[in-house]
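All remarks here apply to the structure that follows.
The values are calculated or read from the model by the stated rules, or taken from the named source; none is laboratory data. Every value quoted in this text rests on a predicted model; they were computed, and no experiment measured them. Cβ placement follows ideal geometry from the backbone for every residue including glycine, while neighbour counts extend to all protein chains displayed. We work out accessible area using only protein heavy atoms, side chains counted, and drop any ligands, DNA or RNA first. Shrake-Rupley method; radii C 1.70, N 1.55, O 1.52, S 1.80 Å.
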Amino acid sequence: MSAQLVVLAAVFGAASSAFLPRVAHRLAVPFGQPPRAACASCGQDLAAWVRAGRSCRCSRAYAVMLVGALVAALPAAALGSSPLLPIHLLAAVPGLLLALIDVRCLRLPDRLVAVFALVAVVPLAVLRPERIGWALVAGAVVLTAYLMVALLPGGGLGLGDVKLAAVLATMLGFAGWPAVIVGLVVPHLINGPIALAMLLTRRGRVLPLGPALLCGALVAVTTV
Ligand SMILES: [Zn+2]
């Protein structure tokens, strides 16, 4: 592990994620509605897409930048100067954006999941064409399993979760089945205790699964 590489990755993660709070704030709208033009709480104008820092007076950017630094530094520490590292660093940007939007409004917009798939899966297919078959099988298995849960009454899964889980399983399929399994189990180890705590404290709220799915993939990428 090169300390310089980890620091560089962390700087890239923090710098790129500084632009995400505003984009997440604008895109966190109910299905079918146009991007938000002003903050619903403080009324601040959000018309421009590209602006670093907090999106408005009632938001903070530091936490997002800290998470951005972390999700870039961890793969750098685990993968070193592997050709896989730039792929995971670039994928972390739309990944973090998806997590922020899901936390704000329980949605994983299709177009953004498609961007994530394009950034995370296509370069892996070019780099490791011999693994494409297994990766697609992993994606198809997870797609089918999650779709069945989503279609159950009270399954608690949205179709956005199903699509993101399938994309992440395809991505992890390039690394092998152990990575896919870790990526599937970890999200429930994260959301399970949180859901239980909310149940015990009677703070009823629907828990977004997207951030946990993305965390699971990060754990799989960095540990398997
Ligand atoms: Zn505001």
Matching helices (runs of 4 or more DSSP H) fully within the range 1-91 where at least 1 residues are within 16 Å of the ligand (Cβ to nearest atom) and out of contact with any Phe, Trp or Tyr (no Cβ under 9 Å at 6 or more places or on another chain): 20-27, 62-79
Pick from the range 188-224, criterion of a type in the set (Ser, Thr, Tyr) and open to solvent by 50 Å² or more (accessible area, probe 1.4 Å), ranking: nearest to residue 78 (Cα to Cα): 223
Options 92, 73, 69, 114; residue that is surrounded by fewer than 16 Cβ atoms within 10 Å (Cβ to Cβ) and among the small types (Gly, Ala, Ser): 114
Condition met for residue 126 (part of a helix (DSSP H, G or I), touching a residue at least 12 places away in the same chain (Cβ under 8 Å) and open to solvent by 20 Å² or more (accessible area, probe 1.4 Å)): no
